[in-house]
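The values are calculated or read from the model by the stated rules, or taken from the named source; none is laboratory data. Just so it is clear, the structure is predicted and the values come from calculations on it, not from any experiment. Here the Cβ positions follow ideal geometry from the backbone for every residue, glycine too, while neighbour counts run over all protein chains shown. Accessible surface areas use protein heavy atoms only, side chains included; no ligands, DNA or RNA. Shrake-Rupley method; radii C 1.70, N 1.55, O 1.52, S 1.80 Å.
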Amino acid sequence: SEAVNVNVLPPTSDFTGQTWLPAISLNLTEKWDKPLENVSVGDSFTRTISIQALGLLGSALPPLNLSENDGFKQYPDQPATESLEHQAGVESSRTESIAMVAVKAGTVTLPEIKIPWWDTINQVERIAIIPSRELTIAASSQGAQIGMAQTIQAFQ
C-alpha cells in the first residue's frame with residue numbers, strides 16, 4: 001500500500017489538563033438512583049458519572065479522581081468503556097458508578113468535577129464540569145425509632 005503522511009501536532013503549551021484529550025465534543029453527566037432530598041445516616045444510593053466523547057476512543061478517556069468524603073463511604077464499581085465507529089469518526093463513553101453510604105450527619109459538599117479537553121474543531125481548550133453539590137444528611141431515623149420502641153416497652 002502507499003505510504004500516508006500524517007502531521008501530528010503536540011499539545012498546546014497553555015493546555016491546563018493533566019490528560020491530553022483532543023475531541024470534537026466531550027460531555028460530562030451524572031445520574032443518581034434516587035432523590036437526595038431526604039438523606040439520613042445509613043442510607044445508600046448510587047451516583048453514576050459518564051463521560052461521552054466524539055472523536056476520541058473510550059480507552060483514552062481518563063478515570064475520575066473522586067475525593068474521599070467524611071460524610072460518605074464510597075464503593076466504586078469497575079468502570080465501563082465503549083467505542084462505536086460511525087461516519088463522524090468514533091463515539092465513546094466511560095461510565096463510573098459509585099455506591100455511597102451516608103455515615104455522618106451534617107452538611108456535606110461533593111466537589112465539582114472538571115475535565116479539560118481540546119476542541120479540535122475550534123482549536124480551543126474547553127472544560128466539562130459537573131458542579132459541586134451540597135447535601136444535608138439527617139441523623140439516623142432508626143435511632144429515634146429504637147428509642148421510641150424502648151420507651152413504649154417501659155410503659156407496658
Here the residues within region 77-89 that are closer than 21 Å to Pro63 by Cβ and more than 16 Å from the chain's Cα centre (by Cα) are Glu82, Ser83, Leu84
Checked region 119-136 for anything over 30 Å from Pro35 (Cα atoms) and without any contact (Cβ under 8 Å) to a residue 24 or more places away in the chain; matches are Asn122, Gln123, Val124
Scanning region 107-127 residue by residue, those more than 16 Å from the chain's Cα centre (by Cα) and either closer than 25 Å to Gln74 by Cα or polar (S, T, N, Q) (or both) turn out to be Thr107, Val108, Thr120, Asn122, Gln123
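Output the residues belonging to region 10-29 that are loosely packed, with under 15 Cβ neighbours inside 10 Å and closer than 20 Å to Ser97 by Cα. If you could, list the steps in order and put the result at the bottom.
Going through region 10-29, the residues loosely packed, with under 15 Cβ neighbours inside 10 Å turn out to be 10-14, 16, 18-20, 27, 29.
Passing the criteria: Asn27, Thr29.
Could we say that Ser67 is hydroxyl-bearing (Ser, Thr, Tyr), open to solvent by 60 Å² or more (accessible area, probe 1.4 Å) and in a loop (DSSP other than H, G, I, E, B) here?
Values: hydroxyl-bearing (Ser, Thr, Tyr): yes; open to solvent by 60 Å² or more (accessible area, probe 1.4 Å): yes; in a loop (DSSP other than H, G, I, E, B): yes.
Here the answer is yes, as Ser67 does meet what is asked.
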Expected output for region 50-77 (first residue closer than 19 Å to Val39 by Cβ and of a type in the set (A, V, I, L, M, F, W, C), partner open to solvent by 60 Å² or more (accessible area, probe 1.4 Å) and in a strand (DSSP E or B), Cβ below 9 Å, 6+ apart or cross-chain) is Leu66/Pro76
By residue number, the members of region 38-64 that are in a loop (DSSP other than H, G, I, E, B), small (Gly, Ala, Ser) and more than 21 Å from Ala128 (Cα to Cα) are Gly42
Out of (1) over 14 Å from the mean Cα position of the chain (by Cα); (2) more than 17 Å from Thr120 (Cβ to Cβ); (3) of a type outside the set (Ser, Thr, Tyr); (4) modelled with pLDDT under 90, the one Asn65 does not meet is (1)
Note on Pro22: of the conditions (1) touching a residue at least 60 places away in the same chain (Cβ under 8 Å); (2) within 30 Å of Ala139 (Cα to Cα), unmet is (2)
Restricting region 90-137 to residues that are open to solvent by 50 Å² or more (accessible area, probe 1.4 Å) and of a type in the set (Gly, Ala, Ser), the one nearest to Pro62 (Cα to Cα) turns out to be Ser132
